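Student: So that we are looking at the same thing, I have put the structure below in structure tokens.
Bear in mind that the values in this text are calculations on the coordinates, not laboratory data. Every value quoted in this text rests on a predicted model; they were computed, and no experiment measured them. Note that each Cβ is placed from the backbone with ideal geometry, even for glycine, and that neighbours are counted across all protein chains shown.
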Amino acid sequence: MRESEESGRVADNRRLWDERVPINAASSFYDLDGFRSGDEDLDAFQLNEVGDVTGLDLVHLQCHIGLDTLSWARRGARVTGVDFSAPAIERATELATEIGAADRAEFVVADALDAAEVLGHNEFDLVYTGNGALMWLPAIDRWARTAAMLLRPGGRLYLAEFHPLTEVLDDEHGTSAVRDYFGREARTYDSPGSYADWTAETAHNTATEWHHTLGDVLSAIAAAGLRIEFVHEHDTIPFQRYGALTARGTRFGYPDGSARLPLMYSLAATA
């Protein structure tokens, strides 16, 4: 893909996300009232795998409106959230003030791939990236190099992400491949509404995703000079990704007795 074409698709994505900030912030999906009251936005496995963050400098790449970022701040980290959407950063900054975390939370408008140039090298103990982020990045190798540059010696990258297999399975049962897992072409499509409110009226609906296999991600991290500590695959997901999934408390998974496929994965790597 030519650089100008890639830049145009990223610009379309930015317009899409800018428009959805107020929709998502007002939705029950994000439940900002509950978050203000103390509800947490992090999976239990993330808390267990990351461990104590008290006193750590943490940067969250692609932070959207900042709920995950501020959840880490509540647990004692000094946090910096980065997102390419200016309205998202504005809303995250407001939310930090609303919950009394403005003294330990900063939010910066920047593309995740430019974060090291914007924030500086060797500034953070932990680089964090959460659900549904990597598919919006055209260059996974550059993302991994950025993470490595942001980390201090001995610092960690932690990623919790939807398993790339979920992008190729059928929407009803989630058991049959209907798209090419190894396809590297960008996928541009029309996406009206928002995953937080499918009934919302929207004007900027052109989205482009880039598919990164699990091997792509692991290879990029290793090539960036980071040492992979673990890779864990998980059989639940925070929303009903396929029609056949059933509730598992606040999460969803395959029905009891059925064959399971990985729905999420997490990993940690050390500088």
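Student: Only counting other Cβ atoms within 10 Å, I'd like Asp170, Asp83 sorted with the fewest neighbours first.
Tutor: Working: Asp170 14, Asp83 28.
Taking fewest neighbouring Cβ atoms as first place, the list is Asp170, Asp83.
Student: Hey, another quick one. Mean-square fluctuation check for the chain, GNM, Cα pairs under 10 Å: which of Pro87, Pro164, Pro22 is largest?
Tutor: Comparing Pro87, Pro164, Pro22 in the GNM, the peak value goes to Pro22.
Student: Normalised by the empirical 2.2 N^0.38 Å for globular proteins, what value does the Cα Rg of the chain take?
Tutor: That ratio works out to 0.97.
Student: So what is Rg over Rh here for the range 73-195, counting just Cα atoms and using Kirkwood for Rh?
Tutor: Value, to two decimals: 1.02.
Student: Let me ask something additional. For the range 1-83, run through the trypsin sites (Lys or Arg not before Pro) and keep only the ones in DSSP coil with at most 10 other Cβ atoms within 10 Å of their Cβ.
Tutor: Qualifying residues, ordered by number: Arg2.
Student: Still on this structure, please answer the following. Sort Tyr128, Tyr158, Tyr189 so that the residue with the fewest other Cβ atoms within 10 Å of its own Cβ comes first and the one with the most comes last.
Tutor: Fewest to most other Cβ atoms nearby, the residues stand as Tyr189, Tyr158, Tyr128.
Student: Fewest to most neighbouring Cβ within 10 Å: what's the order for Val82, Val118, Val10?
Tutor: Going from sparsest to densest Cβ surroundings: Val118, Val10, Val82.
Student: Can I ask one more? Loop only by DSSP, 12 or fewer other Cβ within 10 Å of the Cβ. Give me the GluC sites (Glu not before Pro) in the range 159-246 that pass, ordered by residue number.
Tutor: Glu172, Glu185, Glu201
Student: So what are the three principal axis dimensions of the range 1-63 from its Cα atoms, in whole Å, longest to shortest?
Tutor: Cα extents, longest axis first: 43, 28, 20 Å.
Student: Something else about it: How many angstrom lie between the Cα centre of the range 190-236 and the Cα centre of the range 122-158?
Tutor: 14
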